[in-house]
Each structure stands twice: as structure tokens, then as C-alpha cells.
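First up is the structure itself, then whatever we jot down about it.
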Amino acid sequence: MKKLTVGILAHVDAGKTTLSEALLYRSGRLRALGRVDHKNTYLDTNAVERERGITIFSKQARFSTSGCEFILLDTPGHVDFSAETERTLSLLDYAILVISATDGVQNHTRTLWQLLEFYRVPTLLFINKSDIAIKQKEELARELAASLSPACIPFFEADTKAELDERLAVLDEAFLEQFLAEEPIDCGEIARLIAERRLYPCLFGSALRLFGIDFLLDTLDKYTLEPIYDGTEFGAKVYKIARAAYTRLTYMKLTSGSLTARDELCYLSPDGKRMSEKVSQIRLYSGEKFEQVERVSAGEICAVSGLSATYVGLGLGVESNTCKPILEPILSYRIQLPDGCDPVRYFPLFKELEEEEPSLHLYWNASLRQIEARLMGEVQIDLLKRMISDRFSIACELDAGTILYKEKIAQKAIGVGHFEPLRHYAEVQLLLEPQPNGTGLIFDTRLPENALDTNWQRLILSHLYEKAHRGVRIGAALTDTKITLVAGKAHLKHTEGGDFREATLRAVRHGLMKAGCELLEPYCRFHLELPCAYVGRSTSDLQLKFAEFEILSSNGEVTVLSGRAPVSELYEYPREVISYTRGEGRLTFTPDGYDLCHNADEVIAAVGYDPVSDLENTPHSVFCAHGAGFVVPWNEVDNYKHLDANISLAPAAEAILPKAASLAKKYQLSDEELESIMLREFGPIKRRRYSEPKRKNAAADSRHRPKKPPQSERQMLIVDGYNVIYAWDSLKEIADFSLEKARESLMDLLSNYVAFTKTELTLVFDAYLVKDGVGSDFLHDGYRVVFTKQDQTADTFIEQMMHELGPNYRIRVVTGDRLLQFSAVHSGILRMTTKEFESEIISVGNEITEFVRKLAERK
């Protein structure tokens with residue numbers, strides 16, 4: 001029997017918890033059906049959850065059908081707890097996305113859809129409350145296909161197999177052939193498409209009235225595939241920390257191997273300390289109840305006791321740590337404790353709450369001696385206050401809250417950090433570059449080992465990673481910046497580890513001071529539904545709040561607006577909407593990253609931050625003269641530095657692709673030029689042209705044969721695809737992320753080149769390592785693309801092609817392979833290196849830019 005981990009996700013109030021209850025009830029797990037409004041559901045057991053009628057903590061339940069065992073994960077639907085939902089996505093084998101038929105696709109639904117796509121989770125859609133929806137199921141299915149994906153195909157319970165096959169035929173060519181041949185589509189093939197995220201079944205029903213629940217269970221049983229766990233060594237992902245009866249529990253999913261009670265696990269604690277602890281108990285939870293077992297295997301979700309320093313996102317055994325959630329808090333609150341409560345004493349205790357609920361980001365502000373919490377919204381505020389009251393019997397309050405701003409460097413700069421008091425020495429130079437929004441901080445080095453020892457370079461990078469870097473406008477967190485080590489120097493006798501820490505941090509601040517920073521603020525995407533009578537008021541308000549929006553729909557009674565706006569302007573607006581629409585309007589919004597602050601000058605003036613006076617983040621350097629150290633201000637450090645990085649700060653010119661075919665001959669390197677280079681480098685070509693065999697009566701025969709017209713030589717350009725990709729920096733960066741994208745980019749480049757030069761071109765890709773590869777040969781935008789067969793290299797194919805084309809072609813080969821170049825030269829073939837080919841395209845683009853500029857000036 002297969003075992004699957006299935007998660008249920010939804011926008012708030014879509015009926016997610018009700019669907020969980022229905023699945024447990026219809027599978028026989030529950031004897032009585034609980035309801036959210038009755039506060040007796042099986043999974044929502046926390047007091048705040050039952051009071052508000054929402055899910056806050058992800059919980060698991062177990063049930064089974066005739067062919068499958070399920071571990072059901074019920075996740076929070078409220079936007080304030082999106083991070084909790086995101087943490088469970090990496091554990092799921094399948095996901096059920098619940099959408100309310102009355103509300104349709106909401107902003108938070110789209111956010112969940114994007115997260116499911118990011119984590120590559122196969123997804124089924126359940127359209128709940130279909131019994132009370134005004135729209136027909138077919139209309140709802142069309143809206144889902146338009147809003148989410150064309151692969152959203154309705155699975156109606158009343159359909160015959162033939163009717164379902166007809167809808168599925170549009171997704172896959174093999175399905176279409178089977179349908180046209182009147183052959184039924186195999187259920188295993190349908191399951192394969194769902195597992196590959198090429199098909200998203202849409203099921204309709206009502207969780208409250210138990211309509212469509214049995215059909216959903218049958219679909220899960222019939223159209224799902226059990227994941228394969230190949231590894232034998234233990235590996236697990238930690239996704240939750242909880243406490244039950246004073247026992248610390250670590251919730252994890254095993255991804256390989258097995259785990260037995262009293263096994264010893266080794267891992268690193270959050271502060272880097274190596275831990276080695278034994279597993280005391282293994283519990284399998286379903287709701288609040290659990291079963292204690294001795295052993296679990298891959299695919300199982302369990303709670304383990306005995307581990308004291310684990311944390312959410314930790315990878316155990318062969319599993320690596322998971323990345324931080326994409327969604328992050330946007331508001332900061334100061335926790336106000338009652339008189340007599342020392343915040344220094346209570347802060348370590350409050351951090352236990354953050355272990356259990358990592359979305360409660362707690363920080364200690366040393367300068368103000370206060371505890372701060374970074375949260376998503378009001379529901380998290382209530383939860384934090386309730387948890388502190390229940391755990392520590394303290395009635396605390398939180399202030400009004402402030403927006404969490406961020407900063408990024410404004411332009412490229414080199415920061416210099418020098419630390420040389422007496423008997424100490426270190427100098428570090430860092431290249432700081434702005435990155436696209438949402439990139440975060442990137443640290444790298446481009447120093448060879450002979451310039452600075454590897455151990456010093458690693459130490460510098462570790463100091464960059466460990467520091468929470470701040471900007472220079474308001475002292476906000478630094479983001480979207482790449483910091484690269486470009487120069488460094490140590491002293492053989494006087495340099496110690498702490499010296500490089502001082503030099504590194506001063507170099508970062510020096511670069512930020514030189515280049516300046518841009519202030520960023522959080523933005524959100526909003527969805528506003530209100531009566532048409534209030535559209536004028538709402539559009540006026542949104543314009544004043546610096547929002548970008550559009551009217552999605554209007555039926556004469558209700559108008560729907562959607563757009564993007566700063567969180568600082570929109571955060572309090574939902575209350576205004578409820579007020580002026582008399583409760584008929586509804587505004588929802590979800591975080592949408594950071595962008596340039598709309599009122600940066602006001603924020604900077606209000607904060608009044610002085611980066612020079614920030615002694616913990618000083619930009620100044622320390623040099624030594626006459627046996628004593630002295631401080632050099634940041635604006636004079638460049639005059640004292642000991643190294644010169646020789647890095648150009650000018651922006652690189654972009655390569656512009658040629659598009660004007662009439663300019664082809666003007667910018668193309670001529671064959672005569674290439675031939676002269678070949679003759680100068682390698683000597684004359686020693687290839688004999690083909691001629692017909694001479695016969696004795698050739699002279700007589702020639703009198704009777706008509707003379708053939710002279711044949712003109714055709715030009716052929718052969719390109720070694722992967723050689724070009726890994727030789728051009730722009731394509732190599734793409735290939736590091738996706739080789740398929742790099743191939744597509746190269747093919748697009750050559751499409752423009754062929755249209756521009758009118759040259760016959762063949763692009764060859766190496767596929768000799770592809771098992772059972774039969775190769776392929778096809779035309780793409782007017783030129784030939786070849787993928788070689790198994791055990792056939794691109795070099796072999798190109799050499800064979802050069803031989804077959806014969807003397808009627810003037811052949812050029814673009815490659816960086818020296819052996820292939822040597823072979824081409826000795827065969828009389830003109831060769832062009834990858835860099836020469838790139839230079840030709842770039843020079844053409846630059847000339848065309850100048851040509852267009854002159855045309856514009858004439859007009």
C-alpha cells in the first residue's frame with residue numbers, strides 16, 4: 001500500500017479545515033464531524049485557533065483508504081502565518097489547494113500557487129462551496145484556467161471516462177492520439193502528468209455538506225504515484241518545534257534511510273556548536289493523540305524527543321538545511337513588559353516561543369535595551385501576547401508598530417577596510433554591486449590563492465556572512481547587494497583572525513558610504529471588492545496612497561480593483577473601506593517584496609540616523625605610523641590604502657543584437673581577412689580540389705558535351721553549441737542555472753544572426769552522454785539544429801560534416817576547441833574562435849545603435 005504526505009492549503013475562510021474534517025470523517029478516522037463554528041474540530045486545538053476560527057499551527061492527521069495511507073497536513077490559511085504554510089511545502093508529496101467557489105481566486109491564492117510552483121509540488125484543486133455558488137462549474141473551471149494555468153482541467157464526478165479523456169487530450173500529444181484512436185487514456189499516464197505538474201485536476205464539492213468528498217478520495221487513490229526513496233543513509237528535514245508536557249519535540253520528515261529510538265544524531269546548533277544526542281522517543285501524531293514506535297522509515301513524519309538544540313529548517317543526516325521562507329515579516333513592534341520585569345532576563349525565555357513559532361521573529365535591541373518582534377499582522381500580535389501570558393503569566397503589550405525598511409547600495413563601489421594598530425595588520429578591499437530586487441545579499445571572492453591565502457579568504461567570507469549589515473541612510477538592514485572580495489593583504493607575523501574581521505566590516509561600511517544607499521520599503525498586492533457607488537472614493541484614495549491599480553471587473557453592482565501599493569500607505573486602509581462602504585467592501589492584500597521608498601526623504605529625516613556616529617558600524621580605518629595607530633576618516637581612506645584592486649567601476653556596455661539585414665556586409669568579417677590570418681599563422685592551405693578523372697578521349701567528348709555554367713560557392717557556418725555557451729560569460733551564467741535556458745538563449749541569438757547575415761548555419765549540440773539517445777535534426781528559424789546521437793561527440797559530427805559538404809561550400813567553424821580548430825585549418829576550413837564570433841555580434845550591435853541614433857537626429 002502506497003503512503004503519501006498530502007497538504008491542504010487555502011485562502012482564509014475558503015473551508016480548508018472543514019475539508020480536513022470531511023476527509024477524516026468519510027475515511028472512517030472520525031466518528032463525528034466537527035465544525036469550525038462549533039469550535040470542536042479535530043485539528044484546531046489551540047485556544048486562539050478556536051476563538052478566531054482559523055488555523056495557526058500546521059498539524060498532521062492520519063487516515064487511509066483501500067489503496068493508500070495518507071498523512072494529512074493542515075496548514076494555516078491566514079496571510080499572517082504564510083511562513084508556517086511555506087515551511088510545510090518541502091515535505092509534501094501532493095497538495096490540495098482549496099478555492100472558495102463564492103470568492104474565486106484571491107491574492108493569497110495566487111501567492112500559494114506561486115509557492116507550490118517554486119517547490120514543485122503536484123497539486124489538485126478542490127473548489128469548495130460549489131453548492132451555494134452563483135456561477136456554474138464550467139464557468140468556474142474556465143476562470144481557474146485563465147487565472148492559474150491552462151492545465152487546470154475539471155474532473156466532474158458525473159463524467160464518463162470518454163468525456164474526461166476528451167478534456168485531457170489537449171494536454172499531451174500521446175493523449176490526443178489515443179483519444180482520436182478511441183482508446184482509453186491509461187490512469188497511470190494521467191497520474192504521471194499530475195506528478196510532473198503538467199495537469200491540475202479541478203474537483204468540485206462542498207466540504208460542509210460532504211458533497212464530492214468521496215470523489216476526492218477516489219481521485220487521490222487513483223491518480224497519485226508513491227514517491228521513491230532510494231537512499232539507505234538516514235536523512236530528515238526538521239519543520240517544527242513544539243513542547244508537550246514539558247517535553248521538547250522535534251517534528252521531522254524522513255527523506256531517506258530509517259531512524260530507531262536511541263539512535264545517536266549529530267548536528268550543528270544555531271550558534272555553530274556540534275551536538276551529539278540520542279533519540280529518546282519517536283511519536284506518530286494524529287491530531288493531539290500519538291502512537292509511540294521504535295522505528296520509522298523514509299517518507300514518514302514523526303515527532304522526536306531528546307534533541308535539545310534543533311531548529312526549523314535543519315537538515316539531519318545526509319539532508320542539507322532548507323532555505324529560509326520567501327515570505328518575511330514587514331512590521332516591527334516593541335514588546336512592553338510590566339514594571340519590574342527585566343527585559344534582559346526575559347528575552348532568552350521568549351526565544352523559546354520563537355522555536356515553536358519561527359514566524360515570531362524576536363530581536364534584542366541592545367542600544368535601546370528592549371525586545372522587538374517582527375510580525376506580519378494583528379493575528380500574530382494576539383498569538384504572541386497569548387503565548388507569553390500562558391507560558392510566563394505576564395500581561396505584555398505591543399506598541400503601534402513601525403514599517404521594516406531595507407537598504408541597497410546605489411551604485412558600484414570599492415570599499416577599503418584597513419586595521420593596523422600596533423602589532424596588528426589586515427587590509428581588505430571589497431567590490432559592492434547593486435542587484436535586482438529580491439536577490440538578497442551575495443558574497444563571493446575573485447582572489448587567486450597567490451594573492452591571499454585561502455584560509456584568510458574563507459575567514460573574510462565568514463565575517464561577511466555572520467554580520468547583520470546595515471545601510472547608511474537610516475541604519476536599516478542591507479539587501480540586494482553583491483559583495484566580492486577583490487584584494488586583501490596580511491602580515492606574516494602580526495596578522496590575527498580578529499584583524500580581518502575589523503578590516504572586512506570597515507570595508508563594507510566604507511563602500512556604502514562612498515556609493516550611498518537607496519531606501520526600500522515593503523509593497524503589497526491588494527484586491528478590493530466594493531459596490532460600484534464607492535468606486536470614485538476608492539480610486540481617489542488609492543491614488544493618494546501611491547498605488548498602481550486597475551479595474552478587473554464590474555457588473556453594475558460590484559467592482560473589483562487590483563494593484564500594488566506601499567504597505568505603509570495601505571496597512572490601515574481596510575478599516576476605512578469597511579467604514580465608508582458600511583461593511584459591504586472588502587480589502588485583502590499579500591506581501592509583494594521590497595521596492596524604492598515613495599517618501600524616502602521624510603523617512604530619513606524622521607529617523608535622523610548618522611552613519612558616522614554609529615560606532616558599532618564604523619566606516620573609518622586604522623593605519624599605523626611612528627609606532628602608533630591613528631584613525632583615518634572614511635573619505636580619506638583611499639589616499640592611505642596599501643593595495644590597488646584595479647577594478648573598473650564603469651558599467652559594462654550591453655551587447656545589442658543586429659536587426660537590420662541591409663547592414664550585413666558592412667559589419668561582417670570578410671573571408672579574405674580570415675584567410676590572411678590563417679596564412680600568416682599556419683601557412684598555405686594544402687587541400688586539393690575535387691576534379692573528374694581524366695580519360696583518353698576527354699578532348700573528343702568535351703566537344704559533344706554542353707558546357708556547364710560555373711558554380712558559385714555557398715557559405716556555411718557551423719557552430720559548436722556547448723563550446724559557445726561555456727565561452728560566453730552571459731550564456732555561462734544562464735547555464736549555471738539552467739542549461740536548457742542557455743540553449744534557448746543561444747538559439748535566439750543565432751536566429752537574429754541568420755536573419756541578419758543570410759548565412760546558412762548549422763548549430764551542433766553534444767548529446768553523446770544521453771543514454772539511448774537517438775539524436776535529432778530539425779530546422780529552427782531558418783537554420784539547422786543538430787543534437788548528436790549517443791556515443792557521438794559534436795567534434796566528430798562537425799568533422800564528418802566538413803568532409804561531406806565538399807568543395808562547393810566555403811565553410812567556417814565557430815569553436816573554442818583547439819583540436820577541432822587544428823583539424824579545420826589543415827582541411828582548408830576557415831575557423832573562428834568563440835570570442836571572435838561574440839565580438840562580431842557585439843560590434844554589429846553597437847554600430848546599429850549609432851546608426852539608429854543618427855537617424856533619430858535627422859528626424
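The values are calculated or read from the model by the stated rules, or taken from the named source; none is laboratory data. Worth saying up front: this structure is predicted, and the values here are computed from it rather than measured. Virtual Cβ from ideal backbone geometry, glycine too; neighbours counted across all protein chains shown. Just the protein is used for accessible areas: all its heavy atoms, side chains included, with ligands, DNA and RNA removed. Shrake-Rupley method; radii C 1.70, N 1.55, O 1.52, S 1.80 Å.
Take Arg283 and tell me if it is open to solvent by 10 Å² or more (accessible area, probe 1.4 Å), within 26 Å of Thr55 (Cβ to Cβ) and modelled with pLDDT of 90 or more.
For Arg283, the condition - open to solvent by 10 Å² or more (accessible area, probe 1.4 Å), within 26 Å of Thr55 (Cβ to Cβ) and modelled with pLDDT of 90 or more - is met.
Could you tell me whether any residue of the range 74-85 is modelled with pLDDT under 75, assigned to a loop (DSSP other than H, G, I, E, B) and of a type in the set (Ser, Thr, Tyr)?
The answer is no, given that none of the residues of the range 74-85 is modelled with pLDDT under 75, assigned to a loop (DSSP other than H, G, I, E, B) and of a type in the set (Ser, Thr, Tyr).
Give the number of residues within the range 487-499 that are open to solvent by 20 Å² or more (accessible area, probe 1.4 Å) and within 20 Å of Gly511 (Cα to Cα).
1
Take the conditions open to solvent by less than 10 Å² (accessible area, probe 1.4 Å) and of a type in the set (Val, Ile, Thr) and apply them to Thr484. Does it pass?
The answer is yes for Thr484.
Any residue at all in the range 57-77 that's of a type in the set (D, E, K, R), without any contact (Cβ under 8 Å) to a residue 60 or more places away in the chain and open to solvent by 10 Å² or more (accessible area, probe 1.4 Å)?
No; the residues of the range 57-77 include none that is of a type in the set (D, E, K, R), without any contact (Cβ under 8 Å) to a residue 60 or more places away in the chain and open to solvent by 10 Å² or more (accessible area, probe 1.4 Å).
Which residue out of Leu9, Leu30, Leu24, Leu43 is in contact with a strand residue (DSSP E or B) (Cβ under 6 Å, 6 or more places away or on another chain) and either assigned to a loop (DSSP other than H, G, I, E, B) or among the charged types (D, E, K, R) (or both)?
Matching residue, one of Leu9, Leu30, Leu24, Leu43: Leu43.
When you go through Arg423, Arg374, Arg386, Arg391 one by one, which is the residue that is open to solvent by 30 Å² or more (accessible area, probe 1.4 Å), part of a strand (DSSP E or B) and charged (D, E, K, R)?
Arg374
Here is a yes/no grid of residues against (1) more than 30 Å from Thr109 (Cα to Cα); (2) out of contact with any helix residue (DSSP H, G or I) (no Cβ under 8 Å at 6 or more places or on another chain); (3) open to solvent by less than 50 Å² (accessible area, probe 1.4 Å):
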{"position": "Glu427", "(1), (2), (3)": "yes, no, yes"}
{"position": "Thr454", "(1), (2), (3)": "yes, yes, yes"}
{"position": "Leu459", "(1), (2), (3)": "yes, no, yes"}
{"position": "Ala476", "(1), (2), (3)": "yes, yes, yes"}
{"position": "Arg501", "(1), (2), (3)": "yes, no, no"}
{"position": "Gly516", "(1), (2), (3)": "yes, yes, yes"}
{"position": "Leu519", "(1), (2), (3)": "no, no, yes"}
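Quick check on Ile403: is it touching a Ser or Thr at 6+ places or on another chain (Cβ under 8 Å), under 27 Å from Val607 (Cβ atoms), open to solvent by 30 Å² or more (accessible area, probe 1.4 Å) and aliphatic (A, V, I, L, M)?
In short, yes.
I need a count of the residues in the range 87-120 that are part of a strand (DSSP E or B) and surrounded by fewer than 22 Cβ atoms within 10 Å (Cβ to Cβ).
Residues meeting the conditions: 1.
Scanning for something in a helix (DSSP H, G or I), charged (D, E, K, R) and in contact (Cβ under 8 Å) with a residue 12 or more places away in the chain, does the range 227-243 turn up at least one residue?
No: the range 227-243 contains no residue that is in a helix (DSSP H, G or I), charged (D, E, K, R) and in contact (Cβ under 8 Å) with a residue 12 or more places away in the chain.
Anything in the range 81-104 that is of a type in the set (S, T, N, Q) and free of Cβ contacts under 8 Å to residues at least 60 places away in the same chain? List them, or say none.
Passing the criteria: only Thr102.
Got a sec? Which of Val631, Val577 is open to solvent by less than 20 Å² (accessible area, probe 1.4 Å), of a type outside the set (Lys, Arg) and either outside any loop (DSSP other than H, G, I, E, B) or farther than 29 Å from Ala507 by Cα (or both)?
Testing whether each residue is open to solvent by less than 20 Å² (accessible area, probe 1.4 Å), of a type outside the set (Lys, Arg) and either outside any loop (DSSP other than H, G, I, E, B) or farther than 29 Å from Ala507 by Cα (or both) leaves just Val577.
So which residues in the range 780-795 are open to solvent by 40 Å² or more (accessible area, probe 1.4 Å) and either of a type in the set (D, E, K, R) or in contact (Cβ under 8 Å) with a residue 60 or more places away in the chain (or both)?
Residues satisfying the conditions are Asp781, Arg784, Lys789, Asp791, Asp795.
State all residues of the range 295-331 that are at pLDDT 85 or above and polar (S, T, N, Q); if no residue qualifies, say none.
Across the range 295-331, the qualifying residues are Ser297, Ser305, Ser308, Thr310, Ser320.
Out of Pro566, Pro611, which single residue is open to solvent by less than 30 Å² (accessible area, probe 1.4 Å), touching a residue at least 12 places away in the same chain (Cβ under 8 Å), within 34 Å of the chain's Cα centre (by Cα) and more than 28 Å from Val105 (Cβ to Cβ)?
Pro611
Any idea which residue in the range 634-670 is modelled with the highest pLDDT, counting only those that are within 16 Å of Val428 (Cα to Cα) and exposed (fewer than 10 other Cβ atoms within 10 Å of the Cβ)?
Only one residue fits best here, namely Asn639.
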